[in-house]
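Since the structure comes first, as structure tokens, the remarks are kept for the end.
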Amino acid sequence: MAGLESSSLGGEIVERIAELGTISQTKEHLARLFLTPEHRAAAELILGWMREAGMRAHLDAIGNVCGRYEGERPGLPCLMLGSHYDTVRDAGKWDGPLGLITAISCVASLNRRGRRMPFAIEVVGFADEEGVRFASTLLGSRAIAGTFDQSVLDTRDREGVTMRQAIKDFGLDPDHIGAAARTRHELLAYLELHIEQGPVLEEHNLPLGVVTAIAGATRLSARLTGMAGHAGTVPMALRRDALTGAAECTLAIEEFCRTDHGGLVGTVGYIHAAPGATNVIPGQVSFTMDIRAPTDQHRKRAVTDVIRRLEAIAKRRKLALQLSVTHENRTVPCAPWLRAQVADAIAKEGLGAFELASGAGHDGMAMVDIADVGMIFVRCRGGVSHHPDEHVESADADVGARVLLRVIENFRPGAGTP
Ligand SMILES: [Zn+2]
């Protein structure tokens, strides 16, 4: 029954992805930043879809679009589904909206059949996951988790507008953000479907994956100081070149992560050499590192090892090394009981339930403070995301919807949930 009913969901989802993708601040490049008029227009469209699907829907004080489909009786704790509806600049259409729109379509399917579950279903379109406008991420999900940091209201965007003012301009009251917070007793779980944003599922020729954890990350910034000098007069043996030192450090990080077979990834994404002239030996170089692993223990051990290697390189090259940790977030494991229910639904579609960790951050990182978290990944072409070429085949969107609907219809709250 469910299979037949939901076989048409993919088409509706793809159409809505396209429609939402037309709401953009600039014509040529998709951009829908937090609290802009386009963000508001997108929210209105999503509110309409939620109501059409039989949900009560409203905007909360941070701009999350919240819809609720009651269970067999009103007021039951909910299974919360969702994803974000903000984008990066020059974005693709699928990152965020796929999970949100798929969840709405699943509820619409239940509603068409008059099906009520022994729990409520809530769908949330998180207002700001990407954190582009105010350089602070997960604002929407933190408001719902009750961990919103009020001090970010005073941060300003590039134009000097404070978040507090932007919320008012959007038609919402920043003093009411506290009221958006939910409690552990109201939620049975948080489950998000999202594009993979990486090439692993495509590599394995699978449309879907079960997410094991959202990988934590440590970001460090490093400065190597040697001695600047004339590119023609200082013999090679007497140089203390900070840039060749940084190059060796970069290759050492790559080698270290490449030989780890536990999912460790490390990236030097920024490098700056000074004084930065063709005929001067670089005396000082700054660079950043981003290190991620599926468990906190693994990542912390890796960071310690990387630092030890960098110190050895600096010492051998007679360079001074300064290191600082600029950002650190914990790994969020997906709840085993939710993983099992997702894997079961995927298997019932006749597919292999492949498990993988998420290297990218997601709203689940905030939601874990009030609920067990699960995620389903959908294959995206070439693993490309945060780019206009981001693409999901409609057959994959369809199988994603079938699996999510199956999870909902067979959902059993895990041990320890209300
Ligand atoms: Zn996303």
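The values are calculated or read from the model by the stated rules, or taken from the named source; none is laboratory data. Treat the numbers as computed from the prediction; the structure is a model and nothing was measured. For neighbour counting, all protein chains shown are included, and Cβ atoms are generated from backbone atoms with ideal geometry for every residue, glycine included. Ligands, DNA and RNA are stripped out before the accessible areas are found, and what is left, the full protein with its side chains, is counted by its heavy atoms. Shrake-Rupley method; radii C 1.70, N 1.55, O 1.52, S 1.80 Å.
Highlighted here are the strands (runs of 3 or more DSSP E) found entirely within the stretch 43-155 that include at least 3 residues which are open to solvent by less than 10 Å² (accessible area, probe 1.4 Å) and either within 16 Å of the ligand (Cβ to nearest atom) or on the phi > 0 side of the Ramachandran plot (or both): 78-84, 120-126.
Each row is one residue, and each column tells you yes or no for (1) surrounded by 18 or more Cβ atoms within 10 Å (Cβ to Cβ); (2) within 16 Å of the ligand (Cβ to nearest atom); (3) under 21 Å from the mean Cα position of the chain (by Cα); (4) not in a strand (DSSP E or B).
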{"site": "Ala179", "(1), (2), (3), (4)": "no, no, no, yes"}
{"site": "His185", "(1), (2), (3), (4)": "no, no, no, yes"}
{"site": "Leu201", "(1), (2), (3), (4)": "yes, yes, yes, yes"}
{"site": "Gly209", "(1), (2), (3), (4)": "yes, yes, yes, no"}
{"site": "Leu220", "(1), (2), (3), (4)": "yes, no, yes, no"}
{"site": "Val234", "(1), (2), (3), (4)": "no, no, no, yes"}
{"site": "Glu255", "(1), (2), (3), (4)": "no, no, no, yes"}
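Counting only residues that are within 23 Å of Arg402 (Cα to Cα) and either open to solvent by 40 Å² or more (accessible area, probe 1.4 Å) or in contact with a helix residue (DSSP H, G or I) (Cβ under 6 Å, 6 or more places away or on another chain) (or both), the stretch 358-374 holds 4 of them. Applying a threshold of 6 Å to beta carbon distances and a minimum spacing of six or more residues, or different chains, the list of pairs starting in the stretch 71-93 at a residue that is modelled with pLDDT under 95 and ending at one that is away from the ligand (no atom under 16 Å from the Cβ) reads Asp90/His29.
Within the stretch 187-199, the set of residues being assigned to a loop (DSSP other than H, G, I, E, B) and touching a Cys at 6+ places or on another chain (Cβ under 7 Å) comprises Glu196, Gln197.
Quick check: is even one residue across the stretch 345-358 touching a Gly at 6+ places or on another chain (Cβ under 6 Å), touching a residue at least 40 places away in the same chain (Cβ under 8 Å) and closer than 16 Å to Leu9 by Cα? No, the conditions are met nowhere in the stretch 345-358.
Identify, from the list Val378, Val384, the residue that is away from the ligand (no atom under 13 Å from the Cβ), on the phi < 0 side of the Ramachandran plot and touching an Asp or Glu at 6+ places or on another chain (Cβ under 6 Å).
Val384
A Cβ distance below 9 Å, combined with a sequence gap of six or more or placement on separate chains, defines the contacts here; from the stretch 237-248, residues that are closer than 14 Å to Ala274 by Cβ reach residues that are of a type in the set (Phe, Trp, Tyr) in the pairs Ala246/Phe287.
Scanning the stretch 375-396 for residues that are under 15 Å from Leu206 (Cβ atoms), open to solvent by 40 Å² or more (accessible area, probe 1.4 Å) and part of a loop (DSSP other than H, G, I, E, B) turns up Arg379, Glu393. Taken over the stretch 165-177, the criterion of being open to solvent by 70 Å² or more (accessible area, probe 1.4 Å) and under 28 Å from His386 (Cα atoms) is satisfied by Gln165, Asp169.
Every residue, every condition in (1) open to solvent by 10 Å² or more (accessible area, probe 1.4 Å); (2) at pLDDT 95 or above; (3) in a loop (DSSP other than H, G, I, E, B); (4) away from the ligand (no atom under 16 Å from the Cβ), yes or no:
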{"position": "Trp337", "(1), (2), (3), (4)": "yes, yes, no, yes"}
{"position": "Ala340", "(1), (2), (3), (4)": "yes, yes, no, yes"}
{"position": "Ile346", "(1), (2), (3), (4)": "no, yes, no, yes"}
{"position": "Ala415", "(1), (2), (3), (4)": "yes, no, yes, yes"}
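Applying the set (1) in a helix (DSSP H, G or I); (2) within 23 Å of Asp86 (Cα to Cα) to Leu172 leaves exactly one unmet item: (1).
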